[in-house]
Amino acid sequence: MARIHGVVLPDQKQVVYALTLLYGIGFTVSKKILAQAKISEAIPVGKLSEDELKRIISIIDKEYSVEGDLRSELNTNIKTLKDIGSYRGIRHIRNLPTRGQRTRSNARTKRGKRKTVGALKKEAWSKMEQTAQKTAAAAKPASK
């Protein structure tokens, strides 16, 4: 059981794929790390020696920011954008897409569930008022 930066890598997976479980390391970066460490990509994690693991960890520590360090760095960058009031910061504050995507018809995952806004018909408005009055009347005797 190999453990790198607090992430447990599964023993049966190949090293090149297992390293992608670390936040901040993708497939190409994983290949570069293994090439620098002179380790075959096809070896399962369980068959790595202690020396090979130490080489991988030292390369990651020297050249890449991963996991908690990377997350905190990204959060501070976003906080800085919000504090200076830049366009991207305002988009982050309002929970809207920050990279120029349209929001009139799309961006549902960022904006959340649809909320209908607009005029109501008289029947629907009167129904809403009646239910509000009933709930208000029911709440008054309970409070005494």
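The values are calculated or read from the model by the stated rules, or taken from the named source; none is laboratory data. Please read all numbers here as calculations on a predicted model, not as lab measurements. FYI the Cβ positions are ideal-geometry reconstructions off the backbone, even for glycines, and counts take in every protein chain you see.
Yes or no, residue by residue, for (1) in contact with a Ser or Thr (Cβ under 7 Å, 6 or more places away or on another chain); (2) closer than 26 Å to residue 81 by Cβ; (3) aromatic (Phe, Trp, Tyr):
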position	(1), (2), (3)
103	no, yes, no
121	no, no, no
125	no, no, yes
132	no, no, no
138	no, no, no
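So which of 92, 5 is touching an Asp or Glu at 6+ places or on another chain (Cβ under 6 Å) and either on the phi > 0 side of the Ramachandran plot or not acidic (Asp, Glu) (or both)?
Among 92, 5, only 5 is touching an Asp or Glu at 6+ places or on another chain (Cβ under 6 Å) and either on the phi > 0 side of the Ramachandran plot or not acidic (Asp, Glu) (or both).
Against the definition (more than 30 Å from residue 29 (Cα to Cα), of a type in the set (Val, Ile, Thr) and assigned to a helix (DSSP H, G or I)), how does residue 135 come out, yes or no?
Spelling it out, residue 135 is indeed more than 30 Å from residue 29 (Cα to Cα), of a type in the set (Val, Ile, Thr) and assigned to a helix (DSSP H, G or I).
Just one of the numbered conditions (1) assigned to a loop (DSSP other than H, G, I, E, B); (2) surrounded by 10 or more Cβ atoms within 10 Å (Cβ to Cβ) is not true of residue 90; which one?
(1)
Checking the conditions here, which among 52, 73, 123 is at pLDDT below 90, out of contact with any strand residue (DSSP E or B) (no Cβ under 8 Å at 6 or more places or on another chain) and either more than 30 Å from residue 15 (Cβ to Cβ) or in a helix (DSSP H, G or I) (or both)?
Unique residue meeting the criteria: 123.
For region 17-27, indicate whether the set of residues that are surrounded by 15 or more Cβ atoms within 10 Å (Cβ to Cβ), small (Gly, Ala, Ser) and without any contact (Cβ under 8 Å) to a residue 24 or more places away in the chain is non-empty.
no
Would you say residue 131 is β-branched (Val, Ile, Thr), at pLDDT below 90, farther than 30 Å from residue 2 by Cβ and more than 27 Å from the chain's Cα centre (by Cα)?
Yes; evaluated as a whole, the condition is true for this residue.
Residue 41 - would you say it is part of a loop (DSSP other than H, G, I, E, B) and at pLDDT below 95?
yes
Within region 54-65, does at least one residue satisfy the condition of being surrounded by 12 or more Cβ atoms within 10 Å (Cβ to Cβ) and within 18 Å of the chain's Cα centre (by Cα)?
Scanning region 54-65, I find at least one residue that is surrounded by 12 or more Cβ atoms within 10 Å (Cβ to Cβ) and within 18 Å of the chain's Cα centre (by Cα), so the answer is yes.
Considering only region 64-82, state which residues are over 27 Å from residue 34 (Cβ atoms) and in contact (Cβ under 8 Å) with a residue 12 or more places away in the chain.
Answer for region 64-82, where residues must be over 27 Å from residue 34 (Cβ atoms) and in contact (Cβ under 8 Å) with a residue 12 or more places away in the chain: just 78.
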